[in-house]
Structure formats: C-alpha cells, structure tokens
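Single-structure report; data block below.
No lab work stands behind these numbers, since they all come straight from the coordinates. Because the structure is a prediction, the values reported are computed rather than measured. Neighbour counts are summed over all protein chains in view; Cβ atoms, including those assigned to glycine, are modelled from backbone coordinates with ideal geometry.
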Amino acid sequence: DGRLTFFPGNQTVDLPFINFMKRHGTVFLNAYTNSPICCPSRAAMWSGLFTHLTESWNNFKGLDPDYVTWMDLMEKHGYHSQKFGKLDYTSGHHSVSNRVEAWTRDVQFLLRQEGRPIVNLTGDRKLVRVMEADWQNTDKAVNWIKEEAVNLTQPFVLYLGLNLPHPYPSPYAGENFGSSTFSTSPYWLEKVTYEAIKIPKWSSLSGMHPVDYYSSYTKNCTGEFTKEEVRNIRAFYYAMCAETDAMLGEIISALRDTRLLGKTIVIFTADHGELAMEHRQFYKMSMYEGSSHVPLLAMGPGIKEQQEIPNLVSLVDIYPTMLDIAKIPVPQNLSGYSLIPLLCEMAENEVSPRGPRPSWVLSEFHGCNVNSSMYMLRISKWKYIAYSDGCSVLPQLFDLTADPDELTNVAIKFPEIVHSLDKILRSVVNYPKVSSSVQEYNKQQFISWRQSLGQNYSSVIANLRWHQDWLKEQKKYENAIDKWL
C-alpha cells in the first residue's frame, strides 16, 4: 500500500529501508497502478501501455510474449540484464478456479471465491525468513550483485520481483483455495505499532455500492468481524510489509558493500496495494486507495534527495523512465511519461518531445471478484470511477481532500463534475466499447472451456473454489449460467 511510504501511514510500521530511500531520494505521494491485480498491472508496467491497449483482461491474459519490454530495449542498447523472482506479465500462476471466476463475473449469482481472511502467527522471535521463496530470490540477487555486477564493464539492469506482502494460500478453504491468510512471525509483528492502526469505518451492507457488495461477498467478507480480527489482519499485513522492506535492505546493502550504490539508480514499487479490511474487503481488485495507490520511490545519481512529489503518476511511466535513464529514444506510442523531469527537477520539454504529462492517471479492472469492468480517473482532488457501459451501474465520485477514506460517494451531489470527468475519461478510452469486448471475451472463453470438458462440466465447476456454495443449489446456478450464455 503506497500510503505506508509517507506520513501518516508510515507511523504504523517501521520500514527502515523505505525511509533510507526517502532520505537519499524521492517519494511519489500519488502513484497508482493501471490495473489493481498482478498480471494486468505488470503488463502495463513492462509495456508502458494502458490495460485496454494490452488487452490484459485478467490474471491469465497478459502481455503478448513477443512484446518488446523496456528491459529488451536496454539489452539491445548494451545493458547487461538479470531478472529474479515473480514476473507474471505474460500470464499469472493462477488456478482454473480464478479463470472461471473471471469469465463468469457477469452471471447473475453470488458465490464465495475466497476463504474468509484470517491471520497466522508462525515461528518465534528469531524467525526472520517467513517467506522463504522471496528470501531465496533476494539472496540470488545479492549474490549476482556481489559476484557478477561488480565485475561488469557494461551498465546493468537488475529486476527483483517479490511475492510479499501478498497474503498466503488458505488450504482450509477447500480445493483450489485462494490466498486469504495473513502470516508473519513475532519478529516482524514487533515492528508494528498497534496503537497507530486505524480500524476502518464500514458502510452497512445495504448501503454499499452494488459492485462493492459483490466484491465483499465473493471475498467472503460479508460476515461479522470483531474489531480485534480487523486490527490483527491489518497488523499482520503491516508486519509482512516490514519483511518486504528488509529484502529491499539486502539489495541496498549489497550495492553499498560493492561500492555500486553511488552510481546505481534504485526504484521500488508494487503492482497493487492491499485493502486489509478497508471497505469490508481484503486483497486488491478495487479502485479504493488501499488497493490502487502504490509505493514509488527512487534514489541514485541525479535524483533529488528528500523530495516528495505530489504529481499524479502511474506504472506505465516506468517504461519511458527506464529508457530515459539509459539515454534510449522513447517510442511515441506509449501511454506513460518519463519520471526523470520530476525526479531531477528538469523542465518537461528538456526530456519529452510529447510535451507535459497529463494532469490525470487512469486505472481499469476487468478480472475476478468484480462483476463489472471499472475505470478510475484520478485528477486533482477527485477520484471518478465509472462502470460497465456508464449507464447500467452508477458511477462513484470521491473528494480525496475532504474524504480521504472514500466513505461518501458525491456523484449525485456534483453532476457537472461527473459530466466533465466522464468526458475526459471517454477521450482516453471508449470504455463502454471496451467493457462490451471484455464481456464477449469472457463468454467465448467460458464456452471453449466448457466444451473442452465434454460431459464433466458441472462436476468440474462443483470442485472450484466456490464449490461449497455451488453444491447448495447446483441447478439454480447451472440455470443462471445457461441464461447468461
């Protein structure tokens, strides 16, 4: 969650290496994902293109494997490149269950797709390496810096993708289970200031926006939760962020030990955030700040120290920024704009022949746990969220200055602002048309999948993550699917 990288969010957990980057570099106060889920978000970051251009609709449909990423171009221009850890920009490592959930989101039924969010305390005060796989990848990156990078005569670019602070799989939830367990050790939990944890306010279930209600239901969050449960989920999430910060620290330390830190640009960001029980949801797949607002920090030669940048930026800006760093000409068809003018306090026209960056950012989502395509335009203090064709589902409008927790939808109160923001949004993306294409894609994918199963259709569906709900009224749900098709 990007808000943890600056005040007041950073009061809840000790993140020493994020703070080190802030002291020696720049933090963006308003950085957003272009799609709040792993694969579509990464597709945007590696391509520099908005989601409706990559057509990365869900966690399986990412970037075309032949697409030329910024790393490909840097390699072509003499950079030595290395990747470790989670990439997930052509396709995500997700189950058939996720796939079917994404395709059937337009079906008129409600089925729980996730386990109820819970916490799990593991090990003792000595257990530092909870997420072993991430630590192994961090070790690989550290060894590469110390053994390879230090001896290179050419410049290098290193990418390390971590899974944390993602919740862990929850086997108790049944076959093809989701990831609804927030897990940490006492070592990390001690880095969290419990008194600073804010318990989020919730709307009543009946007062929720219909898309929010669908998300809360499919994420298994519509039941009762005590304040203690909510506080613990949030605390464990913050502890997982502290463990992630320590991995960043290993990279910074390796660069310092090899005397490369002074001549290396370090960028830290994330594909999306975590709601951690805000708006009665956990996970991502939402345009609320906890899910869509990402961390973005940079430090290194030429980058201003102790700088906080309020400008709106997003992950598509990474592509032109990397090329700018490497002095490679930036393609003109990109959705993003280089961050170098902001980071180095230069005039925009010194760097970009395209002129100044727009005053807005765009995020969109077309995957599971949400029963409509959604589009978020953030501009000045406003966040505008449009759904589907723009008519069948009411939009949301939040004034983030007056209402940073996004509890009051003021779309009806300010129709002229809704009208002008919708006009800007439509000038960027013909969203009713995109929504319609995604609906058609989902239907075709589901039909192909169902045909590939032969006679097994309903028994296979019954074993997906939602099987406990499906089996209660199997006929009713089969009919709902038939009606949709």
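Here are some notes:
- Taking every alpha-carbon pair in the chain and binning the separations at 20 Å intervals from zero gives 23, 58, 18, 0 percent.
- Here's how it looks for residue 335: its modeled amide H is under 5 Å from those of 49, 50, which are all 5 or more places away or on a different chain.
- Counting only DSSP beta bridges whose two residues both lie in the chain, roughly 65 percent are antiparallel.
- Only Lys, Arg (+1) and Asp, Glu (-1) charged, at Cβ; the chain dipole about Cα centre in debye: 260
- Amide H contacts of residue 282: 277, each under 5 Å away and 5 or more positions distant or on a separate chain (H built 1.01 Å from N in the peptide plane; Pro and chain starts excluded).
- Positive-end extreme of charge dipole, the chain - chosen from 368, 335, 84 (charges on Cβ): 368
- Separation of the alpha carbons by more than 23 angstrom is noted, of 191/304; 304/327; 83/263; 22/263; 284/383, for 191/304.
- Note that the range 186-300 carries a Kirkwood radius of 16.3 Å, evaluated over its alpha carbons pair by pair.
- Modelled this way, with points 7 Å down the Cα-to-C-beta line, the labels at residue 204 and residue 478 are 3.9 nm from one another.
- Per-residue ³J(HN,Hα) for the range 305-321, Karplus 6.51 cos²θ - 1.76 cosθ + 1.60, θ = phi - 60°, Hz, x for Gly and Pro: 8, 6, 9, 10, 9, x, 4, 6, 9, 8, 5, 5, 6, 5, 4, x, 5
- Placing unit charges on the Cβ atoms of the charged side chains and taking the dipole of the chain about its Cα centre, the candidate lying farthest along the positive direction among 171, 137, 272 is 171.
- Helix-only mean residue ellipticity at 222 nm for the chain, each DSSP H run of n ≥ 4 adding -39500 (n - 2.57), per residue, nearest 500: -10500 deg cm²/dmol
- Modelled label positions at residue 147 and residue 194, each set 7 Å beyond Cα in the direction of Cβ, lie 4.4 nm from each other.
- Neighbour-limited loop hits for GluC sites (Glu not before Pro), the range 261-312 (at most 16 other Cβ within 10 Å; DSSP other than H, G, I, E, B): 305
- Partner lysines whose Cα lies under 16 Å from the Cα of residue 475, excluding those fewer than 8 positions away in the same chain, are identified as 483.
- Restricting the calculation to Cα atoms, the range 48-188 yields a radius of gyration followed by a Dmax of 19.3, 60 Å.
- DSSP-assigned coil residues among trypsin sites (Lys or Arg not before Pro) in the range 322-392, each with at most 14 further Cβ atoms within 10 Å: 327, 354, 381
- Peptides 14-22, 242-250, 260-268, 367-375 ranked from most to least packed by the mean count of surrounding Cβ atoms within 10 Å: 367-375, 242-250, 14-22, 260-268.
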